[in-house]
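Trainee: Have a look at this one before I ask anything.
Here, each number is a calculation from the coordinates, and none is a lab measurement. Please read these numbers as outputs of a predicted model, since none were measured by experiment. Using ideal geometry, Cβ is built from the backbone for each residue, glycine included, and neighbour counts are taken over all protein chains shown.
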Amino acid sequence: MERVPILKIGDILLVSIQLDMSDQTAVQLQEDLAERIVATGCHGVIIDITALDIVDSFVGRMLSTIASISKVLDAETVVVGMRPAVAITLVELGLSLNGIRTALNVERGMELIAAARADELEYQLDDDPDAETATP
Amino acid sequence: MALNAEESGRLAALLGGHAERVTARWTEIVTGSLRGRLSQAELRRQVQDLHSAIATTAGQGAIDLSAESSGELRAALSELSRGRARQGFSATETTISIFALKDVLAELVQEAGGADALHDYIAFSNLVDELGLFTFESFVRTRESLIADQAEQLLELSTPVVKLWEGVVAVPLVGTLDSARAQVVMERLLQTLVDTGSPYAIIDITGVPAVDTQVAQHILKTVVAARLMGADCIISGIRPQIAQTIVALGIEFGDIATKASLADALRHVLRLTGVETARRQPRRDA
């Protein structure tokens, strides 16, 4: 069975989908990804769908599920590289991929995750009054 | 079938025997109808081409315009009507170039006389009618393709996507936005976003005369598609009357940013991207 490779770059896991997704590959990818997030402690997941010609409701639901799983494991999911034709089709079908963040390319996706991460850290520091006194 | 073998044999003899005279007379009649918009020499060349095409086809036996043997004749006719259509001649002016052959043939048949004169003339006349119809049809086809080409060019021309800043592109929409145009705008904009890697797009509707629910629907679809790809859209150039119409129609733009002018939209985007804009002190002359 074909598997989708998961690459670790710094604090981010990069998943590049290069093949037509079937039920099995989708389930396998979800399992692999959940395991890798826990094992590596990454806080960002980038799913690259540049190579996908067709995104139907099945792939859309898979992306949503992956985003939800990652969210539970405290990792931000960004879908990158959606083709114009794919976006138009999704809009015409009325699928809006709720709860999924998107970026134009991998680079922007990494920036987005870094920014979200920075916001979160700042928020935690602000929230904790001892944090500043502990580290002068 | 327009002419049987016997008739076409006589036609070939008639055209071949008086080649010089036929083309001269034919050119003369056509010249009168075109009122000098085509040079004598060029017209003569066209008529000679037609003459030789008809004579050759007639020489091969029975003439059937749809048969393979008449390929050369069909090509000559199409060539003529295509040329005329592109030069802006009317349908009448084009087909009369063919129908003029009737007059020429009438004269020749009358001179030749004989028992079959009337029968021959009617048969020839039918052939010329068929040739004329074919010419007319290819004339119309050429004109239609011209119109289609122009419509497409107009569509291409009217939807430019311009880069305003690093990472910011704008689409100034001008004219009525129908489904076909909206589709082109959407595809162009999204492709440009991918090509330039711009995370922000401004849709300027200053030039759109009226915004109804359908136009709003198209704009909303474009914005949602851009969002799916990871880019943000801002709508600018909303004129006062249009703002009133939008509210009156109950169109909801939701959380899409709308600005009154393109300048406002650009400033908004620059603030989002963190670009600092500072007003410089105007330089004073000493």
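Trainee: In square nanometres, what is the average projected area of the Cα convex hull of the range B:5-154?
Mentor: 9.1
Trainee: Let me ask something additional. Picking from B:Leu11, B:Leu80, B:Leu272, which is most flexible by a Gaussian network model of chain B using Cα springs under 10 Å?
Mentor: B:Leu272
Trainee: To continue, here is another question. What distance in nm separates the two pseudo spin-label positions at B:Leu146 and B:Gln214, each 7 Å out from Cα along the beta-carbon direction?
Mentor: With each label point 7 Å from Cα toward Cβ, the separation is 2.9 nm.
Trainee: For chain B, modelled as a Gaussian network with Cα springs under 10 Å, which listed residue fluctuates most, B:Ser125, B:Ser39, B:Ser81?
Mentor: Of the options given, B:Ser39 has the highest mean-square fluctuation.
Trainee: Go through the range B:245-255 residue by residue and turn each phi into a ³J(HN,Hα) via Karplus (6.51, -1.76, 1.60, θ = phi - 60°); whole Hz please, and just put x for glycine and proline.
Mentor: With coefficients 6.51, -1.76 and 1.60, one gets 4, 4, 5, 4, 7, x, 7, 9, 8, x, 9 Hz.
Trainee: Taking the C-alpha atoms of the range A:6-134, how large are the radius of gyration and the largest Cα-Cα span, Dmax, in Å?
Mentor: 15.9, 54
Trainee: Only Cα pairs under 8 Å and at least 6 apart count here; give the relative contact order of the range B:5-154 as a rounded whole percent.
Mentor: The value is 28 percent.
Trainee: Same structure, new question: Which residues' amide hydrogens lie under 5 Å from the amide hydrogen of B:Asp232, considering only partners 5 or more residues apart or on another chain, with H built in the peptide plane?
Mentor: B:Tyr200, B:Ala201
Trainee: Are there chymotrypsin sites (Phe, Trp or Tyr not before Pro) in the range B:20-109 that DSSP marks as loop and that have at most 15 other Cβ atoms within 10 Å, and which are they?
Mentor: Those that pass, being in a loop and sparsely packed, number zero.
Trainee: Here's another thing I want to ask about it. Can you work out the Karplus-derived ³J(HN,Hα) for every residue in the range B:82-94? Use 6.51 cos²θ - 1.76 cosθ + 1.60 with θ = phi - 60°, whole Hz, and x for glycine or proline.
Mentor: 4, x, 5, 4, 6, 7, x, 6, 7, 4, 4, 4, 6
Trainee: Relative contact order of chain B, please, whole-number percent, based on alpha carbon pairs below 8 angstrom and at least 6 residues apart.
Mentor: Dividing the mean separation by the residue count of chain B yields 13 percent.
Trainee: Hey, what D do you get for chain B in µm²/s if you plug the Kirkwood alpha-carbon radius into Stokes-Einstein at 25 °C and 0.890 mPa s?
Mentor: It comes out at roughly 101 µm²/s.
Trainee: Taking the square root of 5 times each eigenvalue of the Cα gyration tensor, what semi-axes in Å does the equivalent ellipsoid of the range B:162-273 have, largest first?
Mentor: Here the semi-axes work out to 21, 16, 12 Å.
Trainee: Residues with amide H under 5 Å of B:Gly207's amide H, sequence separation 5 or more or different chain, H placed in the peptide plane at 1.01 Å from N; which?
Mentor: When sequence neighbours closer than 5 places are left aside, the close amide H contacts are B:Leu173.
Trainee: Turning to a different aspect of this structure: For A:Met82, A:Met62, which order do you get if you count the other beta carbons within 10 Å of each Cβ and list the fewest first?
Mentor: With the fewest neighbours first, A:Met82, A:Met62 line up as A:Met62, A:Met82.
Trainee: Alpha carbon centre of the range A:18-39 versus the range B:86-146: separation in Å?
Mentor: For the range A:18-39 versus the range B:86-146, the Cα centre distance is 73 Å.
Trainee: Apply the Kirkwood formula to the range B:1-51: the hydrodynamic radius equals the inverse of the mean of 1/r over all pairs of different alpha-carbon atoms; give it in Å with one decimal.
Mentor: Its Kirkwood hydrodynamic radius stands at 12.0 Å.
Trainee: Taking amide H positions as placed 1.01 Å from N in the peptide plane, with prolines and chain starts having none, which residues 5 or more places from A:Asp48, or on another chain, fall under 5 Å of its amide H?
Mentor: Under 5 Å from the amide H of A:Asp48: A:Val15, A:Ser16, A:Ile17, A:Val80.
Trainee: Another question, then. With no solvent and one equal point scatterer placed on each C-alpha of the protein assembly as shown, evaluate the Debye formula and give log10 I(q)/I(0) for q = 0.10, 0.14 Å⁻¹, two decimals.
Mentor: Cα-only, vacuum Debye calculation for the protein assembly as shown: -0.80, -1.16.
Trainee: By how many nm would the segment from A:Asp56 to A:Leu73 lengthen if fully extended, with 0.36 nm per residue of separation less the alpha-carbon distance?
Mentor: 3.5 nm
Trainee: How do B:Phe124, B:Phe134 line up, fewest other C-beta atoms within 10 Å first?
Mentor: B:Phe134, B:Phe124
Trainee: Taking only C-alpha pairs under 8 Å that are 6+ residues apart, what is the relative contact order of the range A:6-134 in percent?
Mentor: Over the range A:6-134, the number comes to 23 percent.
Trainee: So, one more: Using the per-residue mean of other Cβ atoms lying within 10 Å as a proxy for protection, in what order, highest first, do the peptides B:53-62, A:85-94 fall?
Mentor: So the peptides B:53-62, A:85-94, ranked by packing, come out B:53-62, A:85-94.
Trainee: Next up: If you build a Gaussian network model of chain B, linking Cα atoms that sit under 10 Å apart, which residue out of B:Gly114, B:Gly167, B:Gly207 swings the most?
Mentor: Taking springs between Cα atoms under 10 Å, the residue moving most is B:Gly114.
Trainee: Here's a follow-up. Which angle from 0 to 90°, rounded to the nearest 10, does the C-alpha axis of helix A:84-93 make with the longest principal axis of chain A?
Mentor: Its long axis makes an angle of about 80 degrees.
Trainee: If you plug each phi of the range B:223-237 into the Karplus form 6.51 cos²θ - 1.76 cosθ + 1.60 with θ = phi - 60°, what whole-Hz ³J(HN,Hα) values come out, in order, with x for Gly and Pro?
Mentor: Couplings: 5, 5, 4, 4, 4, 4, 7, x, 10, 9, 10, 10, 9, 10, x Hz.
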